[in-house]
Amino acid sequence: MGSSFELSRSLSEGRSVVALWGCQLGTGARSCVLEEDDDFLEHLVLLRTICLGADTGDELHVVAVDSKNTSGEQQPVPIAALRSSLLTMVSLRGLELVPPVTFVLQCGPGPVYLSGQRVTLG
């Protein structure tokens, strides 16, 4: 599992809770899993940014996602292809996933950094 962090902020009692999260994918951790909470509330994972590390070589890096949202077979779907000489970062809007979500580095040694928000609707 990729190294990850979370920072929570409650907007107000009875409303949504937003948690910032991030993970690193690379040779040590090819995947990062955001688990489903068992609290009977609705949860969303919002992916905002995928970027290459500063010391990343010029290889192709493909990041894929596997989520409940994908239809049919549960195979990872590529969402970003990055290369340090062409495209080092992707900023995403409107990509909302329902946990559990698995992000996978399909090719490339990394490091690749992912960041976004986890939202609990209440």
- line: Looking across the range 28-47 at residues that are at pLDDT 90 or above and not in a strand (DSSP E or B), the single one that is least open to solvent (accessible area, probe 1.4 Å) is Ala29
message: Filter the range 48-68 down to the residues that are assigned to a loop (DSSP other than H, G, I, E, B), modelled with pLDDT under 95 and within 18 Å of the chain's Cα centre (by Cα) and list them by number.
response: Lys68
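The values are calculated or read from the model by the stated rules, or taken from the named source; none is laboratory data. Computed from a predicted structure; not experimentally measured. Surface accessibility is based on the protein's heavy atoms, side chains included, excluding ligands, DNA and RNA. Shrake-Rupley method; radii C 1.70, N 1.55, O 1.52, S 1.80 Å.
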